[in-house]
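These notes concern the structure reproduced below.
The values are calculated or read from the model by the stated rules, or taken from the named source; none is laboratory data. Not measured: the values here are computed from a predicted model. Glycine also receives a Cβ, built like all others from the backbone with ideal geometry; neighbour counts cover every protein chain displayed.
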Number of protein chains: 2
Amino acid sequence: MELINKMLKGDKRACARLISIVENDEKESEKLIKKIYRFTGKAHIVGITGPPGAGKSTLTDKYVKLLRKSDYKVGVIAVDPTSPYTGGAILGDRIRMNDLALDPGVFIRSMGTRGYLGGLAKATRNAVKILDAYGCDYIIIETVGVGQSEVDIVKAADTVVLVMVPGLGDDIQSIKAGIMEIGDLFVVNKSDLFGAQRTATEINMMLDMSPKTDRRPPVVMVTANQNKNIEQMELEIQKHYHYLVDNGLLEERRKKNIKRELLELVEEELKKLVIRETENNGELDSMTESLFNKETDPFTLRDTLLSRIK
Amino acid sequence: MELINKMLKGDKRACARLISIVENDEKESEKLIKKIYRFTGKAHIVGITGPPGAGKSTLTDKYVKLLRKSDYKVGVIAVDPTSPYTGGAILGDRIRMNDLALDPGVFIRSMGTRGYLGGLAKATRNAVKILDAYGCDYIIIETVGVGQSEVDIVKAADTVVLVMVPGLGDDIQSIKAGIMEIGDLFVVNKSDLFGAQRTATEINMMLDMSPKTDRRPPVVMVTANQNKNIEQMELEIQKHYHYLVDNGLLEERRKKNIKRELLELVEEELKKLVIRETENNGELDSMTESLFNKETDPFTLRDTLLSRIK
C-alpha cells in the first residue's frame, strides 16, 4: 500500500489514515498489520491509567511536552468512553491538547469504547503498532482504569503508571485496590490538595502488604496543572524501562502480551464460527426458545453445540 | 443433592453454600445449575449501577427495606472490586447492610471481581439463578458501572437503574454517557446536594438527544441516606416491569440474555480447547518466539492455528 510507505517515511497524515483503517475496517486492518508488523517493537509503550477525575489528560499533556524537549517523537492514544448519543469520542481530539496536536513530532488520537467490531482492545493494540512503525520513541496509552476491559488495554504497555488523587472517597479506594497490582509506578496527582500525603501513605501501605518482589514501585507526587514534578515522573518511567531491559524482563513481558494477543485472535475467530454455525439455520433461536421454556439447561445445550462444531 | 432440596424449601444456609459452589467450583456448579434451572425465571431482577461514589449501597439498602415492608423475599448480589492484596471482597458482607443480613427474608452476598475461574459475569449469573430458585421475588445486582465487564453484568437484569450524583466532574460525565443507553430508569441520588437539579437536567438533555423509542426512561430524584423518595423509585421500577410484561418485552429481553449466555458458554469451552491444543506441545511458545523476532505476524499464525484446530 502506498499509504504504508508514506507512513514509514514519517508522513503524519498517512499515519492518521492507517489508524482510521484499524478502527473501521477489520479486513483491511489485518492486511495492514501483516505488512507493518516487522517494523514494530521499538517504541517504549507507557500506559497511564487511574480513576475518573485523577487528571490523567493534563498529566499526559505535560509529560508529552517534557518528552518533546528531548525531541522524542511521541504518540498518544487516549481511550475515551463514548456514547451512542454522540456517536464518537466525547473528549475528542478537537477539545484536548490542541497545542500538542499542532506539533509535528506528536501524534494524538482519541478512541472510544464502542463501535469497534473486533473490540477496542484490538483496535488500540493495532493503533499502537502503527505508531510504533511510524517511528514513535514513546507511545502513551491513556485510559480510565476502572473496569476489567480498561485494565486489559493498559496491560499491553511496557510501563504502567497508575494515577491517584486525594479525596475521591471510599468507593474509589476499593477500585484502586482492584487495579493496584498493575502499577509499575504510582503517581499522586493534584498533590497540592489536602490529603495528598495521606493518599501517598495509603498507597505505600498497600505496597507494603503486597507480596515481596525484586522491585518496589515508586510513588511520585506531582501537580500536573502546575507542571510540578513531571521530571521526577519521567525519570521513574525511564528507570523502570531500564530495569526491565537490564533484567531481561522487557522481553518476557512483551512475549506474554504477544501470546495473549495470538490466543485472543484465535478465540475471536472461533466465536464467529459458533455464531455462523448456529444462527443461520435457526438452531440458536430454537435452543433459546427451549431454554426460555425451561425444557433444558444451558450447559446441556452448550455440549450439544460443541460436539457439532468439532 | 441434599443441599438443593433444602434450598428449594427455603433454607438460607443451604442457599449460601450453593452460591459458594458457583463461586469456587466450576464442575460442581454446572451440575448444580443443570438441576435447578427449571426453577428459575420467576424473580424480577433489578440491576443497580453507577459511578463510584454515587451511593449505590445506601440506595440498595433503603430499597430492600422498602420491599421488605411488602414482605417480598429479596436477594442482593453486590459486585465489589477486589484486590489480590486483601484476597477478597473489600466491602464484604461483614461491613455492609448488617441489619438487613439478619432479616430471614433477605439474602445478601458480596462478590469480588477477581478470582473466578469462569469469570465474574458467569458466577454472578449463576448466583442469580440460585436466588431465583430459592424463591426471591426480587434479586438486586449492584455493581460499579464503569467498565465494559460491569456493564455486561447488569445487562442480565430485567430493569437497570442507573444512579447518578451531582458534582462528579467532567470525567464522570463522559462515563455516564458511555453507559447511558443501558438505563431503564435514572436516579439522581444525593439530591439534597448543590447541583442535583442540574444533573437531572443533563440526564434529560441526553435522553432528548437519544433515538426515539416507545418508552422514555424516567428520572427520579432521591436522597437515599435520608430515605427520601425511595417509594417513587420503587414505583418506577414496578412500572418498568409491567411495561415489559404488557408489551411482550420481558420475554424478548430474557431470550436475548439466554442466547448470549449460551454463546458465551460455548466460546468459553472453545477458548480452553485452543489453550489445550497449543500450550502442551510447546507450539504456543515457539510461535510467540517467532512473533517476538518479527519473523511472522499474529494474523498469519492465527490462521495456522485455526486450520489445525478445525
Exercise. B:Thr288 is checked against (1) surrounded by fewer than 18 Cβ atoms within 10 Å (Cβ to Cβ); (2) assigned to a helix (DSSP H, G or I); (3) polar (S, T, N, Q) and fails just one. What number does that condition carry?
Worked result: (1)
Problem set entry | Hey, A:Arg276 loosely packed, with under 14 Cβ neighbours inside 10 Å and more than 8 Å from every other protein chain (Cβ to nearest Cβ) or not | yes
Exercise. Inside region A:187-214, can you point out the residues that are under 23 Å from the mean Cα position of the chain (by Cα) and more than 14 Å from chain B (Cβ to nearest Cβ)?
Worked result: A:Val187, A:Val188
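Residue-by-condition table, conditions (1) in a helix (DSSP H, G or I); (2) of a type outside the set (Val, Ile, Thr); (3) in contact (Cβ under 8 Å) with a residue 40 or more places away in the chain; (4) under 26 Å from B:Leu67 (Cβ atoms):
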{"site": "B:Met205", "(1), (2), (3), (4)": "yes, yes, no, no"}
{"site": "B:Pro211", "(1), (2), (3), (4)": "no, yes, no, no"}
{"site": "B:Asp214", "(1), (2), (3), (4)": "no, yes, no, no"}
{"site": "B:Glu234", "(1), (2), (3), (4)": "yes, yes, yes, yes"}
{"site": "B:Gln238", "(1), (2), (3), (4)": "yes, yes, no, yes"}
{"site": "B:Tyr241", "(1), (2), (3), (4)": "yes, yes, yes, yes"}
{"site": "B:Arg253", "(1), (2), (3), (4)": "yes, yes, yes, yes"}
{"site": "B:Leu263", "(1), (2), (3), (4)": "yes, yes, no, no"}
{"site": "B:Glu268", "(1), (2), (3), (4)": "yes, yes, yes, no"}
Problem set entry | Flag if B:Thr296 is in a helix (DSSP H, G or I), at the interface with chain A (Cβ under 9 Å from one of its Cβ atoms) and of a type in the set (S, T, N, Q) | no
Problem set entry | Residues (at pLDDT 50 or above and of a type in the set (Ser, Thr, Tyr)) located in region B:56-100 | B:Ser57, B:Thr58, B:Thr60, B:Tyr63, B:Ser70, B:Tyr72
For this session: Please state which of the following conditions A:Leu265 fails to meet, knowing it meets all the rest: (1) within 20 Å of the chain's Cα centre (by Cα); (2) more than 8 Å from chain B (Cβ to nearest Cβ).
Result: (2)
